[in-house]
Amino acid sequence: MYSMRGYAAMIHDRRRVEAYQRALELAVKPDSVVVDIGTGLGIIAFLACQAGARIVYAIEPSAVVHVARQLATVNGYGQRVIFIEDMSTCVTLPEKADVIVSDMGGALPLYHQHIPSIVDARKRLLKPHGILIPRSDTVWAGVVNAPEIHAKIVPRLDFAPGLDMRPAWQMAANVFSNTRFKESQLVTAPQRLVTLDYSSVDDPNLHAQVTCEVMGPGTGHGISLWFERIMADGISYSTAPGEPEMVYGGLFLPWPEAVELDPSDTVELQVRADLRSENYVWSWNTTISTAAGIKHKFRQSDFLGEARSPARLRKQAATYVPTLNANGEIDRLILDLMDGRNANGDIAREAHQRFGARFPALEDAMGYVADLSLKYSR
C-alpha cells in the first residue's frame, strides 16, 4: 500500500494525471458507468466525473478510501462516486462498466496483482466492447552504463580490507532497484520485451529473449527496464531513459561485474518475471559473445538475492509434512473461535486464559485477535 506521500507524488505527476484526464474525456459519455480500480485518493474517479460519467465505482482495498470519500464530498462528487473498500477481484457490482480505468503498476506494469486484477475486471465487470484505460503497456530493455549505482550494489572486492566479501557481493548482484537513467547511459539500442494488450492478455508472467545491438564502445553494468503506456488513440507516455521524470522510475537489473562492450559483440538477454502469490520473481540471464566465442555469461535472479536457511527451504518443499508450532496452535484457536458467534473480546479472553505466557495481559491478546480479525473476517 502507498503512503500518503506516495499518493501525493502520483497526483503531482502532471504527465500521468493529464494523460488519464485526456483519455477519460475521449472515453466517457454522459451515461457512462466507470470503474476505477485502485482508486487511492480518488483523483482518477473525480476526473471521470469531470468527463461526464453518470456514476463511478471507486475500488480500493486500503483505508485511504475513507479519505477519498471525504474528498469526493468536498469536491461535489459525493453522490456520483461509490467507494468500495475491497480488492476488485472480490467485488460484485450491480451493473457493468462502460470504462475501466486503473493505475496499479509500479516501476513496471508487472507488479503484484496488477495484471490478474485487470484480467478479472475485464471478464467480470466490463461490458462487451467496453473501454480499458490504459489500453496497453510495452516493456523495453537496454544495457546501461551505470558505474555509480553499480558500485553501491556490488562494491569493489577490496572494499573491506583483509576480508573476502565475495559471497555477499554475489548475492547483492541479484537485487534489482528502482533507478532512472539518462539516454546517454544506454549502451545498446532498446529492445521490446513484451506488449501487454489489456483487451486480451491473460498470462501475468513475462518470458522474453532478445538480442541487443551494441551502439558503440562502452561499459555495461546491467539492464534497464522501462515501459511505454498507450492510454487511447494519440495519448501515451513513456518512462524511457531521457524522457521527463515521472513517479514510476525504472527497474535496474545489475550484472555481477562491469563488462567492456564493443559494437562487434552480441548481447543476448533472457528476462523472466514469474508471479508467485503476491510478488514477482525476476530472473535475468545474459550471454555476451564475440566472434571468438562467449565472453561473459551471467545467470541471475532476485531469488538468489535473499538469504535463505536450509531449514526454511525444507519447510517450503512439496514433500515436507508440516505440523503446527506454538504460534500456529494459537492462531488455530483464535480462527476456530471466529465462527460468527464470538465477539473479539470474548476470543481475546479465551486466548489470554489458554496462552498466558504469550499474552500476559488481556490487552496483548486483544491486539492480536484484532489483527487476525482485520485480516480474515468478513
Hand me the tally of lysine pairs in the chain: alpha carbons under 28 angstrom apart, and the pair either on different chains or 8 or more positions apart.
12
Residue 333-residue 183 FRET efficiency (beta carbon distance; Förster radius 56 Å; 0.05 resolution)
0.40
Between residue 213 and residue 373, what is the label-to-label distance in nm when each label sits 7 Å out along the Cα-to-Cβ direction?
6.4
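Can you pull the Kirkwood radius for segment 137-308, inverse mean 1/r over Cα pairs, to one decimal in Å?
About 17.0 Å for segment 137-308.
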Evaluate the charge dipole of the chain about its Cα centre and quote only its size in Debye, nearest 20, assuming +1 on the Cβ of each Lys and Arg and -1 on the Cβ of each Asp and Glu.
420
Mean projected area, convex hull of alpha-carbon positions in segment 116-217, reported to one decimal in nm², is 9.7
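With charges only on Cβ, +1 for K and R and -1 for D and E, what is the dipole size of segment 137-308 about its Cα centre, in debye, rounded to 20?
The dipole of segment 137-308 has a size of about 480 debye.
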In whole Hz, what ³J(HN,Hα) sequence does segment 204-220 give by Karplus (6.51, -1.76, 1.60; θ = phi - 60°), x for Gly and Pro?
x, 9, 10, 9, 9, 9, 9, 10, 9, 8, 6, 7, x, x, x, 10, x
What does the helix-only formula give at 222 nm for the chain: each DSSP H stretch with n ≥ 4 adding -39500 (n - 2.57), the total divided by the residues, and the result rounded to the nearest 500 deg cm²/dmol?
-8500 deg cm²/dmol
Rounded to whole Hz, the Karplus (6.51, -1.76, 1.60) HN-Hα couplings of segment 54-62, x for glycine and proline
5, 8, 10, 9, 9, 10, 7, x, 9
Longest to shortest principal axis, alpha-carbon extents of segment 259-324, angstrom:
59, 23, 19
The chain, Gaussian network, Cα under 10 Å: of 130, 367, 42, the residue fluctuating most is 367
Work out how much length residue 291 to residue 202 would gain on full extension: take 0.36 nm times their residue separation and subtract the Cα-Cα distance, in nm to one decimal.
28.0 nm
Give the residue from 46, 185, 333 lying farthest towards the positive end of the charge dipole for the chain; charges sit on Cβ (+1 for Lys and Arg, -1 for Asp and Glu) and the dipole is referred to the Cα centre.
333
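Can you pull the semi-axes for segment 1-120, root of five times each eigenvalue of the Cα gyration tensor, sorted largest first, whole Å?
19, 17, 15
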Separation of alpha-carbon centers, segment 86-109 and segment 110-171, rounded to whole Å
22
Stokes-Einstein D in µm²/s, Kirkwood radius over Cα pairs - segment 245-370 at 25 °C with 0.890 mPa s viscosity:
122
Interchain or sequence-distant (5+) residues whose placed amide H lies within less than 5 Å of the amide H of residue 193 are 139, 140, 141
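Sort 49, 90 by Cβ crowding within 10 Å, fewest neighbours at the top.
90, 49
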Most to least packed among 326-332, 235-241 [average Cβ atoms within 10 Å]:
235-241, 326-332
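Determine, for 198, 111, 248, the number of other Cβ atoms within 10 Å of each Cβ, and report the residues in order from fewest to most.
Numbers: 198 20, 111 17, 248 23.
Lowest count first: 111, 198, 248.
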Rounded to the nearest 20 debye, dipole of segment 4-133 from Cβ charges on Lys, Arg, Asp, Glu:
180
What is the Cα radius of gyration of the chain over 2.2 N^0.38 Å, N being its residue count?
1.18
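Since every read-out is calculated from the coordinates, none of them should be taken as a lab result. Small disclaimer: the values here were computed from a predicted structure and weren't measured. Don't worry about glycine lacking a Cβ; one is built from the backbone with ideal geometry, like all the others, and counts go over all protein chains shown.
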